[in-house]
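Accompanying notes for the structure given below.
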Amino acid sequence: MSRELGALVLRRLAFAVPVLVIVAIGVFLLAASSPFDPIYQYYGVDVFTATDADLAATRARLGLDDGVFQQLGRWLSGVLSGDLGSSRSFRQPVGEVIAERLPWTILLVTVGLLVALLLALVAGTVAAWRQGGMFDRVVTAIGHAMEGIPPFVLALVAIAVFALGLRWLPVAGLTDAGAPATVGQITRHLVLPALVLGVSQTPWLVLHVRGSLLGAFAEDHVAGARARGLSEPVVVLRHALPTALLPFVTLLGTRVPELVTGAVLVETVFSWPGIAEAVVTSALAVDFPMIAALAVLATAAVLLGSLLADVAVAVADPRVRADG
Amino acid sequence: MVLADGFEPESLHPLLGYGTEGASKIFDGLVAHDAQRTLQPVLAAKLPERAPDALTWTVPLRAGVTFHDGSTFDADDVVATYRALLDPAYASSIRSDFTTIARVEKIDAQTVRFTTTRPDAAFLHRLTLGIVPAESVATPAPAADSPFGTAPVGTGPYRLGEWRKGRSMRLVANDGYFGGAPAVKEITVVFAVDDNTRAQRLSSGEFDGTVLPPALAATFQGSEYTVLDHPSADYRTITLPTAHPVTGDPAVRLALNFAVDRQGMIDALFAGKGAPASTPIPEVLTEYAEPAAQFRFDRAEAERILDAAGWLRGPDGTRARGGVPARFTLMYAATDSIRRDFAQAFTSDARAVGVDVALEGLGWEAIEPRMGADALVLGGGSPFDPDIVSYPLLHSSYAGDGFNNPASYVNPAVDAALDKAREAVDPAARVAAVKEWQRAYAAAPGFVFLAFLDHSYLVRDRWDGYQQAVDPHSHGTTWGPWWNVEDWTPRP
């Protein structure tokens, strides 16, 4: 079993390398054909007073007029020697930007995912268990409604209620203005964004848990358990839930892109200094090295998400064969 | 002191536009402007004087000034800063503002000499650029690649304590500042892009001050914060392309200037926070503003001008002349709600006199190639000298050159007076020339200037030393009430 799993992981990793390279090259080509002009980013508001001659000189100096394949070649040779290049939009080395911001995003996304998981499992199970009951109807209605609410609306409402109305939690930021980044400070500031991110991801998960649990109730082994006179909690939690959870684990893995999208919006509203904000900034600036690094990073996150999900399924269900 | 800002600088390098207009807390220029917009020497020992040839300026430097890293400031630093600025190898983004500088030389350790390509009366106003240590610009590489942008070393009243990108910047008082140690020992600027988030965090008491749109700022009336409105030289204007058969017509241009209700726009869109604009010179620059160059709101006059020029109303209310309908496209930056509001108001006022305007919200990349043919909502402005913004905006030598004179406005009378103003040695002759080009412009306008926008700030009432100033077209908290924060004192 473990050898099979190891082979699965190795195979996936070997497969991931060409995928990542293709993504990087694809993003480069897309950015090259986009209408955005990086000179605007370099100049900022100064572009409005710059003369054409000076703009042309700067363009030549920065190598912006070079062909896209030339820029790609420069970047690839840099990456191979361990240099991710320099980000024009952050005016910092790409590696530094990622190192500064990625940990905050991982923290936010991990806590957000745990919140979503917990909410989905508890609410989904209770709703399926008492199908048609008051709780089920409320959860289903809210779930469907929430699918249509963008995370930033949720974020603004949460700020209005918990930060401004009740004054329980700070409005935004990583710490209070000027305060050092202590564990206590960050925890207090993490609560609202993580809750909002978690809650915004919950509807799909909750409805899925409920649906597959209802499906499991109709299966033979559950009927068998009921027939043997086992207590209802044992039937639901020990017999129905485990089988219902398998597709749920796979679903979680495929939710990673959604989670990234949610993180972009949540980070912006809460002034959370993570990597998701950098995605928007560098995309608008046609910041080749930054976009490529971020795209590779996001692709790696998605591949890793589905790999972890598959491994988890293979471990949990002996019937699944880890053959790719 | 904790301030919130919606705008985070990408770099603190003066060569990339940080604090070009002065009031940067980290750097000093050779000169700076005070609250009355008068030049004061800073790193210069006294105001530089112009040689009789009107081209060379000798600048004596202040002695005993040190950079934050302890090194001594001298002529080499000034020369290195300006040479790097002018050298394309450094890819400075503000080089175009300094086209009149031909050379800069060191005379001795305490004196530098600038030579200009032509007499330039506004020259001293350009010397607000922050001076960097010579070592920081020793290698000719693009300024953006230099680590100096995140680890700046200046001579200013504050040094950079810590910059957590995307979050906050801590400025620490430079106790060795030659102008005396600032009493406000630490300033933290927190970056929060969203206006509403900033307002919410302010109302929870987290900040000592911030900048907000006028309407949002007004909601803090009667709170613990004082609302401060600063007049500005920050104009919004409609460009009228010369090459377009409708917007290039002198009668249409003049009529549109009479057709817009400037005060009405300011009252309706900006809660009255602003001043009507007819030329790029705001009335707060009392010494230069020409009252005879102001347009009144007179719809009947606009209709009369159009009728007289042969633009006659058709059945659908739109005017036409010789088969050409009075119709053109107005572009605006789609992300800028203020420009969108102005564009819509302009369209409805133009419609009222029978000129049909089609709106298009676009990105700057899409706008740029079309600026010569389609109208555009443009902004800018400097309160310090009438030459700095107006010359590139109106002079025909800048026609179609980048965003400077995008609609190719060409008026020989304006050109002559602009040149006369730039080259004037005598201040009174200069004022006369500045007023002359305003009158020449108003007789044959090529833009419809709409308004100068006020900037609104909120400040907690806990410090003394605030002095109102006129803001340039700049972002954030470097200007505004905090332009002289180094002179503020906490209240006991």
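With respect to chain B, whose longest principal axis is taken over its alpha-carbon atoms, helix B:337-352 is tilted by about 20°.
Here chain B is treated as a Stokes sphere of Kirkwood radius computed over C-alpha pairs; at 37 °C and 0.692 mPa s its diffusion coefficient rounds to 137 µm²/s. Roughly what % of Cα-Cα distances in the range A:103-283 sit above 22 Å, to the whole percent? More than 22 Å apart: 51 percent of the Cα pairs in the range A:103-283. Legend: translational diffusion of the range A:40-168 by Stokes-Einstein, Rh = Kirkwood radius over C-alpha pairs, 37 °C, 0.692 mPa s; D = 161 µm²/s.
Could you work out the relative contact order of the range A:103-283? I mean the mean sequence separation of Cα pairs under 8 Å and 6+ apart, divided by the number of residues, in percent.
Relative contact order for the range A:103-283 comes out at 34 percent.
Under 14 Å of direct C-alpha separation, and excluding same-chain neighbours fewer than eight residues apart, residue B:435 reaches these aspartates and glutamates: B:283, B:287, B:290, B:385, B:387, B:415, B:419. For the protein assembly as shown, the per residue solvent-accessible surface stands at 40 Å², with DNA, RNA and ligands left out and a 1.4 Å probe. Helix A:241-254 and the longest principal axis of the C-alpha atoms of chain A enclose an angle of approximately 10°. When both the range B:320-393 and the range A:265-324 are represented by their alpha-carbon centers, they are found 42 Å apart.
Taken one residue at a time, the phi angles of the range A:99-106 give Karplus couplings (6.51, -1.76, 1.60, θ = phi - 60°) of 4, 6, 9, 4, x, 5, 5, 4 Hz. Gly and Pro are set to x.
Stokes-Einstein, applied to the Kirkwood radius of the range A:1-47 over Cα pairs at a viscosity of 1.002 mPa s and 20 °C, places its translational diffusion at 154 µm² s⁻¹. Based on the inverse mean of 1/r over its pairs of different Cα atoms, what is the Kirkwood hydrodynamic radius of the range B:122-203, in Å? Taking the inverse mean of 1/r over all distinct Cα pairs, the range B:122-203 comes out at 15.5 Å. Treating each Cα of the range A:204-303 as an identical point scatterer and summing with the Debye formula, the log10 of I(q)/I(0) at q = 0.18, 0.24 Å⁻¹ comes to -0.84, -1.16.
Our coupling estimate for the range B:106-116, obtained by passing each phi through the Karplus curve with A = 6.51, B = -1.76, C = 1.60 and θ = phi - 60°, is 8, 8, 8, 4, 10, 9, 10, 10, 9, 10, 9 Hz, Gly and Pro reported as x. Amide H to amide H, with H built 1.01 Å from N, residue B:32 comes under 5 Å of B:40, B:42, counting only residues 5 or more places away or on other chains.
Converting phi to 3J(HN,Hα) with the Karplus coefficients 6.51, -1.76 and 1.60 and the offset θ = phi - 60°, the range B:148-155 yields 4, x, 10, 9, x, 10, x, 10 Hz in sequence order, with x at every glycine or proline. Counting heavy atoms of the protein chains alone, residue B:159 has an accessible area of about 100 Å² for a 1.4 Å probe. Roughly to the nearest percent, how much of the accessible area of the range B:235-453 is carbon and sulfur, given a 1.4 Å probe? For the range B:235-453, the apolar C and S fraction of the accessible surface comes to 57 percent. For chain A, the alpha carbon positions stretch 86, 54, 36 Å along the principal axes, listed from largest to smallest. If each DSSP helix of 4+ residues adds -39,500 (n - 2.57) and the sum is divided by the residues in chain A, what number results at 222 nm, nearest 500 deg cm²/dmol? After summing the helix terms and dividing by the residues of chain A, the value is -24000 deg cm²/dmol. Computed with a 1.4 Å probe on the full set of protein chains, the accessible area for residue B:435 sits at about 50 Å². Entry note, chain B: relative contact order of 20 percent, from Cα contacts under 8 Å with a spacing of 6+ residues. Across all directions, the average flat footprint of the convex hull enclosing the Cα atoms of the range A:183-243 is 5.8 nm².
The mean sequence separation of alpha-carbon pairs under 8 Å and at least six residues apart, normalised by the residue count of chain A, gives a relative contact order of 29 percent. Cα centroid distance between the range A:40-91 and the range A:115-175, in Å? First find each Cα centre; the distance between them is then 44 Å. Helical runs (DSSP H, four residues minimum) scored at -39500 (n - 2.57) apiece and divided by the length of chain B put the mean residue ellipticity at 222 nm at -7000 deg cm²/dmol. Reducing the range B:101-173 and the range A:208-226 to their Cα centroids gives an inter-centroid distance of 72 Å. Among the residues of the range B:386-424, those with an accessible-area drop of 20 Å² or more from chain alone to full protein complex, heavy atoms and 1.4 Å probe, are B:401, B:402, B:403, B:404. All C-alpha pair distances within the protein assembly as shown, sorted into 20 Å bins from zero, spread as 14, 40, 32, 12, 2, 0 percent across the bins. If you wrap the tightest convex hull around every Cα atom of the range B:235-453 and split its volume per residue, you get 113 Å³. Among B:269, B:171, the sequence by solvent-accessible area, most first, with a 1.4 Å probe is B:269, B:171. Among the trypsin sites (Lys or Arg not before Pro) in the range A:186-275, those placed in a DSSP loop whose Cβ has at most 11 other Cβ atoms within 10 Å are A:228. Residues A:241, A:114 ordered from highest to lowest accessible area at a 1.4 Å probe: A:114, A:241.
Solvent exposure of residue B:455, expressed as accessible area, is near 30 Å², computed with a probe of 1.4 Å over the protein chains only.
With 28 Å as the limit, the listed pairs B:25/B:165; B:46/B:106; B:185/B:273; B:106/B:165; B:106/B:420 have B:185/B:273; B:106/B:165; B:106/B:420 beyond it between alpha carbons. Residues whose amide H lies under 5 Å from that of residue B:451, counting only those 5 or more places away or on a different chain, are B:236, B:277; hydrogens are built 1.01 Å from N in the peptide plane. Around the amide H of residue B:226, modelled in the peptide plane, lie the amide H atoms of B:459, B:460, B:461, all under 5 Å away and 5 or more residues distant in sequence or on another chain.
Since only B:251, B:169, B:218 are under comparison, the one whose Cα sits farthest along the positive direction of the charge dipole of the range B:98-254, derived from C-beta charges on Lys, Arg, Asp and Glu, is B:251. Computed from Cα positions, the angle between helix B:412-423 and the longest principal axis of chain B comes to roughly 20 degrees.
The values are calculated or read from the model by the stated rules, or taken from the named source; none is laboratory data. As the structure is a computational prediction, the values presented were derived from the model and not from experiment. Backbone-built Cβ (ideal geometry, glycine too); neighbour counts: all protein chains shown. To get the accessible areas, we keep the full protein, side chains included, count just its heavy atoms, and leave off ligands, DNA and RNA. Shrake-Rupley method; radii C 1.70, N 1.55, O 1.52, S 1.80 Å.
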